[in-house]
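Okay, so here's the structure we're looking at.
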Amino acid sequence: MSWADILQILPQQLVFGLALGTVYGLIALGYTMVYGILFMINFAHGEIFMIGAYLGWWVFALLLQAKVGGLHPAWVLPLMLVHAMVGAGILGVCLERFAYRPLYLRGATRLGPLISAVGASIFLQNAVMLTQGARMKVYMTSLLFPWSWRIQVAGVSISALVLVMTASAILMMWGLHLLVQRTTLGRSIRAVAEDREMAAIMGVNVRRVIAATFFLGSALGGAGGVLVGLYYTQIDFFMGYSAGLKAFTAAVLGGIGNIHGAMLGGIVLGLVESLAVTFINPAYKDVVAFAILILTLVFRPSGILGESVPESEKV
Amino acid sequence: MLSLTDVVTHYGPIRVLKSVTLEVRAGEIVCLLGGNASGKSTTMKTILGVVRPTAGRVEFEDQRIDGLPTESIVRRGISLVPEARRIFGRMTVWENLAMGAYTRRAAPPGELAEDRERVYALFPRLEERATQLGGTLSGGEQQMLAIGRALMARPRLLLMDEPSMGLAPVLVDQVFDIIQTINRQGTTILVVEQNATVALSIASRGYVLQNGRIVVHDTAEALLRADHIRRAYLGEEGER
């Protein structure tokens, strides 16, 4: 490839990278919020994302089956997103209630809930495989976002799907930011993350705040599942594994526990991946992503925006 | 107003409070003295329900509160200025005060604004720094914030755990002046201290806690005069 070729495809790749990056960021929020409050990595978050993709697909498939006319993304997409978010949110709350809380309440080591999360991840994968089959489900994205819907900006062709996907992800992050910074619930989440006992002394119901955190993080992960499903048009029970790892990388890169870090980490990761696709070889996309994870952990474990790791132990 | 009767509290297998009986009457300032690891902070946490007593009763305004969740104890009108202040360092001063009013989040905003004004009147410094992060305040300012935060809950009983800790002597006097002001405005106060002289000078009565037991109980004046008690139980020479 000559430099001229590269320069020609680079802007296009950066647009893809940005779009995918915001979605990585969206999923990464689930990891980082749970870590911020419980100091544990919810390894089942990738599966929550995958189930979100199925929940969104299910709405779409039902609408198609019922031969509902006038499938316009303006109302179908919100419906898919809300369904996936509520379902994934409830799933996240159940995971916390039944797979993690019994462990951390009994004062188990930090390893306990972590292993339970790995177990929950395997369980959910297999549950979906058994009930939904191992074959891929197809998102009929082109019925919602026809290929002809695209705009040209400075020689870059951007499809409506990519625009909507990026906009929804950014909108949800903005919503979360407002919720965390401006509302009483957000303040109590931050208070519990900073000093759980003091938050309780202020009268905060800590368990409820932890449950709310799981709901929010999981709901965003579920929404991410729908967006990724629409983007790649195919979903299967195993999709949460690699997407989960990518989002985890984004969370670590941005500084785990830091909400803005997760957003930034996602976007940086998406952009770097798109650069790798352009300059190296598309086959090395994942290699680059995980090289970033390793390099971050070795040279700056606290991430881009992270503060130094606190001494206090939680869970 | 508040009474503890034969309260026993365990941390795991360790019996931290062996038998604590004390009473605080409405309008009083009572101080609970004791050296390191005598169980002072545990007494505070037991009253607030952060740890549950394994035996005995805690009553507040003639109702049993032991076994209740912290949230509902705070809502009944008890709040705490904790040891080492423990303000939320990553939140602004304004937000810290909002956290203090957490149990009153359904209250009309006008009422909360009023309380905020009252706190600012006590501590003008906090108003100046309202948008600053708690972690950037000086030690004295953080103590003011911790007190202001506790007042935002409109407590009828204010628990204070070592308010003099880590403060310069000038600030210690200021803090105790403010404790008296708060008391005169109608809040009953139970203050835990190692600094016996200062604490007793503003209190009406005092209890001495040693190894999880109340060993002495008397009026503040009597305790101030009884040098031998201070020497025996508090490990001090009457001056710090």
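Points worth noting:
- On the stretch given as segment A:139-175, residues that are surrounded by fewer than 13 Cβ atoms within 10 Å (Cβ to Cβ), among the hydrophobic types (A, V, I, L, M, F, W, C) and more than 30 Å from A:Asn258 (Cβ to Cβ) total 4.
- The single condition from (1) in a helix (DSSP H, G or I); (2) surrounded by 15 or more Cβ atoms within 10 Å (Cβ to Cβ); (3) of a type outside the set (Asp, Glu); (4) away from chain A (no Cβ under 14 Å) that B:Gly110 fails is (2).
- Among the residues of segment A:173-212, not one is hydroxyl-bearing (Ser, Thr, Tyr) and within 14 Å of the chain's Cα centre (by Cα).
- B:Thr131 vs. criteria among the β-branched types (Val, Ile, Thr), surrounded by fewer than 18 Cβ atoms within 10 Å (Cβ to Cβ), within 14 Å of chain A (Cβ to nearest Cβ) and out of contact with any Leu (no Cβ under 7 Å at 6 or more places or on another chain): yes
- When residues of segment B:84-107 are limited to those that are in a loop (DSSP other than H, G, I, E, B), farther than 27 Å from B:Ala168 by Cβ and among the aliphatic types (A, V, I, L, M), the one farthest from the other protein chains (Cβ to nearest Cβ): B:Ala107
- Residues located in segment B:10-36, provided they are over 22 Å from B:Gln180 (Cα atoms) and touching a residue at least 60 places away in the same chain (Cβ under 8 Å): B:Arg15, B:Val16, B:Leu17, B:Lys18, B:Ser19, B:Val20, B:Thr21, B:Gly35, B:Asn36
- Against the test of being at pLDDT below 90, within 25 Å of A:Gln234 (Cα to Cα) and in a helix (DSSP H, G or I), the options A:Ser142, A:Ser121 yield a single qualifying residue, A:Ser142.
- Residue tally, condition basic (Lys, Arg) and within 9 Å of chain A (Cβ to nearest Cβ), over segment B:38-83: 2
- Of all residues in segment A:191-222, those satisfying the criterion of being surrounded by fewer than 21 Cβ atoms within 10 Å (Cβ to Cβ) and at the interface with another protein chain (Cβ under 8 Å from one of its Cβ atoms) are A:Asp195, A:Glu197, A:Asn205.
- Scan segment B:38-53 for residues that are within 19 Å of B:Glu193 (Cβ to Cβ), free of Cβ contacts under 8 Å to residues at least 60 places away in the same chain and of a type in the set (Gly, Ala, Ser) and the total you get is 0.
- The criterion of at least 1 residues that are among the polar types (S, T, N, Q), closer than 21 Å to B:Leu22 by Cβ and within 16 Å of the chain's Cα centre (by Cα) is met by the following helices (runs of 4 or more DSSP H) wholly inside segment B:130-213: B:169-184.
The values are calculated or read from the model by the stated rules, or taken from the named source; none is laboratory data. A quick note: this is a predicted structure, and the numbers were derived from the prediction, not measured. Backbone-built Cβ (ideal geometry, glycine too); neighbour counts: all protein chains shown.
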